[in-house]
Each structure stands twice: as C-alpha cells, then as structure tokens.
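Below is one structure, written out as structure tokens; comments come after it.
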Amino acid sequence: MSRRSLHAESINVSLTRFLSAPSTGHNLLLVGSWEIQHMDYIRSFLFAPGSNIAVMQKALNSAADAVILDLEDAVSIAEKETAREQVVDLLASSERSQRVYVRINGWDTPWGRADLENVLAGSIDGIILPKAESPEIVAEVAGSLPQHCDFIPLVETARGLLNAYAVAACHERISRLAFGAVDFTADIGIAYPKNGISLLYARSQLVIVSRAADLLPPVDTVFPDLADASGFAAELDQVRQLGMFGKLAIHPKQLELIHAAFTPSRQKIAEAQKVVKAFENAERQGVAALEIEGQFVDYPVYRQALKLVALAGTLLPDSKGQA
C-alpha cells in the first residue's frame, strides 16, 4: 500500500462533488481527473506527563484534537517505569473523545523498546518518536507498529534536521513530522527565539521535506512561555504562513489560540467557495483563467481554494464544504 493511500483518500470522476462520510468524519473532494485528498487534520497535540495521573486525565477531558501521553522529557529517570505502568493502565481504562498518542523514550535509551511493547498492548492512535535522526532506527520503529497506528518522528536536533528527508521517506507508516524546537535550540547553542527568525530555516526545511516525501504538513513545536499570549499568537501566524499545520501544546489554555490559527474563518471559506463556483462555471465554457473580484484565478488558485474548502468540511462540518 502506498504512503498516499494510507493518509489520503482520492478518486477520479467526471464531476466535482463533495462527499461526507458521517461515520468517520472523513471527507473526499472529487474534482475532475485530479485528486484532492482528504487530509488527516489535527490542529493541537497536548502533552501530558505520564508520571501525573491527574494531569493526564485533565488532558483527556480537554478540547485538544489529540493528547500525547509523555514518557520522555516530562518524566524523571526515577519515574520512568512507574510512568509507563500508569500510561498503560490509563490506556486500558479511559474513555476519550480525542486521539491519544504516546511519546516513548528514545530508541537508544534503556526504556524505549519496553515503552513501545507495553503501550501497543493498549488502545492508542499513534506513537511519537523523540530525537529522530537515523532513518534506519525510524524505519525499525515504524515497522513494529500495527496497521492502525499513526507514527510521527520528532525532529529535535541538527543531525535530525539534516537527515529529515531520509527520515520522512523511510517508511509509509509515517504520516507527518513534528518539530521540537526547545531541544533543537539547545542542540545548536541558542536561546528559544522570541521572533522566530533563528528557526525560520529549520521550519521551512521541514515543510519542504514533508511535501517532497508526500507527508502531511509538519506539526510545529511547543511554545514554552505560557505568559506571552501575544508572542504565541505571532508564532502561530508565522508557522501557518510557512506551511506547517498544527502545534504541540503544553497547557490546555493554549488550545483556543491554536485552534483559531489553524481553522479557516467563515470569510475565508466563503471566498474559497466563491472561487470554486466561479471557476467551475467558467471551465464549463472553456475558460481556465479569469478574474474574480480583482483576483486572477487559474488552476493552481482553484486547487488551493478546493483544499481550503476540504479543510473547512473537516474542521467545520456545518460548512459542508460546498461551493
């Protein structure tokens, strides 16, 4: 099975239609002989330390699209075994409405392999692998996962960034990459930047390698300053413009801004629907380039509008994705 078929659904038909599958919430946008794919949109991934049962329960009751039960950096060495047991117990007993991932410890640590073996016995949606640098190791971990299990390598080092394409392309189980900038800045010897300039190259590189490897857009790093709401909003705007989608979070109070940043506004949806409708009307008359309210529209602009309509249909089902 190809990577594309694992993370998207597509079909060729002669008409433009938008179909919704109520049982799954997945959407198909069907456009002529082109493939506009369903994307597995996850706006927020909220971390919760595996050593703290109360915080994990709070995360599972939050508005996060996905929760990451963390066995790595949020857990002290003395608590590694206990945290693993608590996560396994929680996975076996908890009802939840959002997706649940587990960040295991590094594959080269004393705990990584046991983490994976134990958490896979529970009900989880995916695995996060920290410090992803070696495509051979990433492929080994990916090959250990069951068919239903998503896999997200976390790029957190200079070596990981240099090897990002090889990591991204090494196994079809990988859906997207994620960026860990707190470890990355420590690795290259700088402070976490307030304006994001020193992370511009790393973020852009992850966007480019993700697209080249046919992955979903990369998920951005946590924003460590909970008191800096304006800085957080500015960073969200920047990473969205760079082509990333989704954000790692360390506190439920960050979720509202994250969701607002990665959910298209009603105005943007209406504009995209107008472009789709006008372009399709023109195309039926043999016209493939036109002006709509001062904007030049051709096939690339049309396809971008279709993607936004598909996103709206996934995140805002009441919009129905209709043009």
Check the range 255-278 and report whether any residue there is closer than 23 Å to Pro130 by Cα, of a type outside the set (Gly, Ala, Ser) and not in a helix (DSSP H, G or I). no
Just checking, which of Val31, Val67 is crowded, with 16+ Cβ neighbours inside 10 Å, modelled with pLDDT of 95 or more and closer than 29 Å to Ala310 by Cβ? Val67
Qualifying residues in the range 37-64 (those that are assigned to a loop (DSSP other than H, G, I, E, B) and open to solvent by less than 10 Å² (accessible area, probe 1.4 Å)) - the one nearest to Gly243 (Cα to Cα): Ile42
Among residues of the range 183-206, those that are open to solvent by less than 30 Å² (accessible area, probe 1.4 Å) and at pLDDT 95 or above, counted: 6
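The rows are residues; the columns are (1) polar (S, T, N, Q); (2) assigned to a helix (DSSP H, G or I); (3) at pLDDT below 95; (4) closer than 22 Å to Val55 by Cβ.
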| residue | (1), (2), (3), (4) |
| --- | --- |
| Arg96 | no, no, yes, yes |
| Asp115 | no, yes, no, yes |
| Ile127 | no, no, no, yes |
| Leu145 | no, no, no, no |
From the set of residues in the range 238-254 that are part of a helix (DSSP H, G or I) and open to solvent by 60 Å² or more (accessible area, probe 1.4 Å), which is modelled with the highest pLDDT? Lys253
Only residues that are under 22 Å from Leu145 (Cβ atoms) and either not in a loop (DSSP other than H, G, I, E, B) or not aliphatic (A, V, I, L, M) (or both): list them for the range 65-85, please. Asp65, Ala66, Val67, Ile68, Leu69, Asp70, Glu72, Asp73, Lys80, Ala83, Arg84, Glu85
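The values are calculated or read from the model by the stated rules, or taken from the named source; none is laboratory data. Fair warning: this is a prediction, and the values are worked out from it, not measured in the lab. For neighbour counting, all protein chains shown are included, and Cβ atoms are generated from backbone atoms with ideal geometry for every residue, glycine included. Each accessible area value is taken on the protein alone, full model and side chains, heavy atoms only, with ligands, DNA and RNA left out. Shrake-Rupley method; radii C 1.70, N 1.55, O 1.52, S 1.80 Å.
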